[in-house]
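Chemist: Here it is, the structure in full.
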Amino acid sequence: MIPSAFDYVKPSSVTDAVSALAAAGEDAKIMAGGQSLLPIMRLRLGNPSTVIDLGGIAELRGVRDEGDAIVIGAMTTHADVLKDPLIAEHAKLIQQATKTVADPAVRHRGTFGGALAHADPAGDLPAVAVALQAEFVLVGRNGSRTVPASGFFVDYLETAMSDDEVLTEIRIPKYTGWGSSYEKFNRVAQAWAMVGVAALVRTENGSISEARIGLTNMGPTPIRAVAVEQGLTGVSGADAVASAAARAGEGASPSSDLNAQADYRRHLATVLTKRAVLAAIGG
Ligand SMILES: Cc1cc2nc3c(=O)[nH]c(=O)nc-3n(C[C@H](O)[C@H](O)[C@H](O)COP(=O)(O)OP(=O)(O)OC[C@H]3O[C@@H](n4cnc5c(N)ncnc54)[C@H](O)[C@@H]3O)c2cc1C
């Protein structure tokens with residue numbers, strides 16, 4: 001289908017993008033790679049009066065080192081994330097999950113910031129951001145503010161961003177030396193996750209000293225599996241990991257749909273958590 005008519009603006013700076021948002025009013029929509037927005041517009045599930053394309057803002061692309069954190073520009077594409085050496089060294093979990101996102105064409109256009117701003121609970125990167133305790137830098141008419149991942153994802157496809165704000169960058173604390181893995185269960189290759197598990201573990205003398213677990217598609221927002229994280233602390237061996245992973249469904253509220261019933265999603269979460277943690281310990 002053809003989208004409804006809309007005005008198109010392509011600013012070349014964040015300041016201009018914020019001004020364009022303010023001028024266009026609440027029916028305006030930001031476009032990053034357009035990989036989620038354009039299908040929504042074609043189906044006429046969204047009819048923005050103005051589309052503000054961030055594609056001309058060079059300052060929103062790339063990754064930099066800021067001491068104890070790396071900072072990823074919101075417009076950095078999935079393809080560039082996969083090649084980035086800083087992400088490989090300090091937050092490999094992002095690359096492990098990004099590899100499973102869609103196909104090369106979508107990864108070429110789609111962006112790290114767009115995937116997070118879209119806040120689809122079936123998207124692979126929100127759970128990763130939650131596990132990594134990322135911080136979101138938002139710039140609006142009233143200046144800049146930073147929101148932790150724990151407060152960013154508010155509800156289904158809803159974030160803490162106001163209508164007049166642009167997500168400019170995402171700060172990721174460094175997890176140098178931690179093991180990580182992303183396990184995703186889908187019906188066919190290159191499809192959305194029925195359930196996904198992002199695992200991050202630090203080991204000391206053969207035992208897990210710290211763990212962070214993020215769950216994809218186990219509720220309207222990505223969540224941390226806190227009970228599992230607590231259960232993993234101080235343990236070693238596959239049996240102990242399995243008993244901690246058995247608590248992956250605690251606090252989750254998965255939906256039932258054509259792909260899976262809620263009970264099956266809970267089962268998947270325990271199986272994938274065990275796999276992800278064991279893989280993370282191994283590498
Ligand atoms: C065929 C197909 C398969 C896919 N499979 C997967 C998959 O398996 N796993 C997965 O995780 N994703 C999947 N995706 C989605 C993909 O990850 C997209 O890259 C992602 O949705 C973000 O797209 P984008 O960067 O193009 O953002 P857009 O589509 O341009 O924007 C998405 C939303 O975020 C808002 N937005 C974007 N950037 C900003 C910003 N900087 N500040 C404020 N708001 C912003 C927009 O207004 C819009 O509401 C798939 C997409 C397609 C088309």
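Chemist: Please verify whether region 184-204 includes one or more residues that are of a type in the set (A, V, I, L, M, F, W, C), touching a helix residue (DSSP H, G or I) at 6+ places or on another chain (Cβ under 8 Å) and open to solvent by 40 Å² or more (accessible area, probe 1.4 Å).
Modeler: yes
Chemist: Are any residues in region 44-58 closer than 13 Å to Ala20 by Cβ and part of a loop (DSSP other than H, G, I, E, B), and if so, which ones?
Modeler: Within region 44-58, Pro48, Ser49, Ile57 qualify.
Chemist: Within region 156-170, can you find the residues that are more than 11 Å from the ligand (Cβ to nearest atom) and either open to solvent by less than 60 Å² (accessible area, probe 1.4 Å) or within 21 Å of Pro104 (Cα to Cα) (or both)?
Modeler: Ala160
Chemist: May I pose another question? Taking interchain pairs and intrachain pairs at least six residues apart, which have beta carbon atoms under 8 angstrom, with the first residue in region 172-196 and over 18 Å from Ser256 (Cβ atoms) and the second of a type in the set (S, T, N, Q) and surrounded by fewer than 17 Cβ atoms within 10 Å (Cβ to Cβ)?
Modeler: Here the result reads Gly179/Thr203, each pair linking region 172-196 to a residue that is of a type in the set (S, T, N, Q) and surrounded by fewer than 17 Cβ atoms within 10 Å (Cβ to Cβ).
Chemist: How many residues does region 80-90 hold that are open to solvent by less than 50 Å² (accessible area, probe 1.4 Å) and either more than 13 Å from the ligand (Cβ to nearest atom) or under 29 Å from Asp7 (Cβ atoms) (or both)?
Modeler: Summing the residues that are open to solvent by less than 50 Å² (accessible area, probe 1.4 Å) and either more than 13 Å from the ligand (Cβ to nearest atom) or under 29 Å from Asp7 (Cβ atoms) (or both) in region 80-90 gives 5.
Chemist: Please go through region 115-134 and pick out each residue that is within 16 Å of Gln95 (Cα to Cα) and near the ligand (Cβ under 7 Å from one of its atoms).
Modeler: Ala115, Gly123, Asp124, Leu125, listed by residue number.
Chemist: Counting only residues that are near the ligand (Cβ under 6 Å from one of its atoms) and among the aliphatic types (A, V, I, L, M), which one in region 96-110 is surrounded by the fewest Cβ atoms within 10 Å (Cβ to Cβ)?
Modeler: Ranking the qualifying residues of region 96-110, first place goes to Val106.
Chemist: Let me ask another. Return the residues of region 96-146 that are in a strand (DSSP E or B) and either out of contact with any Gly (no Cβ under 6 Å at 6 or more places or on another chain) or free of Cβ contacts under 8 Å to residues at least 40 places away in the same chain (or both); say none if nothing qualifies.
Modeler: The initial filter retains those residues of region 96-146 that are in a strand (DSSP E or B), namely 111, 135-140, 143-146.
Of everything in region 96-146, those that are in a strand (DSSP E or B) and either out of contact with any Gly (no Cβ under 6 Å at 6 or more places or on another chain) or free of Cβ contacts under 8 Å to residues at least 40 places away in the same chain (or both) turn out to be Glu135, Phe136, Val137, Leu138, Val139, Gly140, Gly143, Ser144, Arg145, Thr146.
Chemist: Looking at region 44-64 only, could you name the residues that are modelled with pLDDT under 95 and of a type in the set (A, V, I, L, M, F, W, C)?
Modeler: Answer for region 44-64, where residues must be modelled with pLDDT under 95 and of a type in the set (A, V, I, L, M, F, W, C): just Leu45.
Chemist: Okay, next question. Restricting region 20-68 to residues that are surrounded by fewer than 15 Cβ atoms within 10 Å (Cβ to Cβ) and among the polar types (S, T, N, Q), which is farthest from the chain's Cα centre (by Cα)?
Modeler: Ser49
Chemist: I would also like to ask the following. Taking the stated definitions as given, is Leu93 part of a helix (DSSP H, G or I) and either free of Cβ contacts under 8 Å to residues at least 24 places away in the same chain or open to solvent by less than 10 Å² (accessible area, probe 1.4 Å) (or both)? Lay out the reasoning, then the answer.
Modeler: Numbers: part of a helix (DSSP H, G or I): yes; either free of Cβ contacts under 8 Å to residues at least 24 places away in the same chain or open to solvent by less than 10 Å² (accessible area, probe 1.4 Å) (or both): yes.
Considered against the rule, which asks whether it is part of a helix (DSSP H, G or I) and either free of Cβ contacts under 8 Å to residues at least 24 places away in the same chain or open to solvent by less than 10 Å² (accessible area, probe 1.4 Å) (or both), Leu93 comes out as yes.
The values are calculated or read from the model by the stated rules, or taken from the named source; none is laboratory data. What you see is a predicted model, and the numbers here were worked out from it, not measured in a lab. All Cβ positions, glycine included, derive from the backbone under ideal geometry; neighbour counts span all protein chains shown. We work out accessible area using only protein heavy atoms, side chains counted, and drop any ligands, DNA or RNA first. Shrake-Rupley method; radii C 1.70, N 1.55, O 1.52, S 1.80 Å.
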